[in-house]
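> Below you'll find the structure I mean.
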Amino acid sequence: MRCPFRMDTAAYALGILAPGDRERMTVHLEECPSCRADVADFAGILRALASLVIRPPGDATT
């Protein structure tokens, strides 16, 4: 059985849930290891994306 909260894990990691939904998810995460793992995975992906250096096309500097 899949957790009904699972569809909100990415939005939670991004910080874009409405305040009430964020509170419910925060409480839920205390009890749901599957959703906690999803949020941790998304947070890792977000950290990796934030560390990327974006260069304009044709910029050959390293």
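The values are calculated or read from the model by the stated rules, or taken from the named source; none is laboratory data. Quantities reported herein were computed from a predicted structural model and do not represent experimental measurements. Reconstructed Cβ throughout: ideal geometry from the backbone, glycine too, with neighbour counts over all protein chains shown. Accessible surface areas use protein heavy atoms only, side chains included; no ligands, DNA or RNA. Shrake-Rupley method; radii C 1.70, N 1.55, O 1.52, S 1.80 Å.
> Can you find a residue that is farther than 28 Å from Pro4 by Cβ and not in a loop (DSSP other than H, G, I, E, B) anywhere in the range 33-45?
Within the range 33-45 (the criterion being farther than 28 Å from Pro4 by Cβ and not in a loop (DSSP other than H, G, I, E, B)), the answer is no, since none of the residues qualifies.
> Considering only residues that are within 13 Å of the chain's Cα centre (by Cα) and surrounded by 15 or more Cβ atoms within 10 Å (Cβ to Cβ), which ones fall in the range 1-21?
Residues satisfying the conditions are Asp8, Thr9, Ala10, Ala11, Tyr12, Ala13, Leu17.
> Here's a follow-up. Identify the residue in the range 23-32 that is out of contact with any Cys (no Cβ under 7 Å at 6 or more places or on another chain) and over 19 Å from Ile45 (Cβ atoms) and, among all such residues, is least open to solvent (accessible area, probe 1.4 Å). Break it down into steps so the answer makes sense when it comes.
Narrowing the range 23-32 to residues out of contact with any Cys (no Cβ under 7 Å at 6 or more places or on another chain): 23-27, 30-31.
So of that shortlist, the ones also over 19 Å from Ile45 (Cβ atoms) come out as 23-24, 26-27, 30-31.
Working: Glu23: 128, Arg24: 137, Thr26: 58, Val27: 91, Glu30: 128, Glu31: 148 Å².
Only one residue tops the list, namely Thr26.
> Has the range 47-55 got at least one residue that is among the hydrophobic types (A, V, I, L, M, F, W, C), within 16 Å of the chain's Cα centre (by Cα) and surrounded by 11 or more Cβ atoms within 10 Å (Cβ to Cβ)?
no
> Does the range 10-23 include one or more residues that are out of contact with any Asp or Glu (no Cβ under 8 Å at 6 or more places or on another chain), at pLDDT 95 or above and acidic (Asp, Glu)?
Scanning the range 10-23, I find at least one residue that is out of contact with any Asp or Glu (no Cβ under 8 Å at 6 or more places or on another chain), at pLDDT 95 or above and acidic (Asp, Glu), so the answer is yes.
> When you check Ala43 against the structure, is it surrounded by 14 or more Cβ atoms within 10 Å (Cβ to Cβ) and aliphatic (A, V, I, L, M), yes or no?
It is true that Ala43 is surrounded by 14 or more Cβ atoms within 10 Å (Cβ to Cβ) and aliphatic (A, V, I, L, M).
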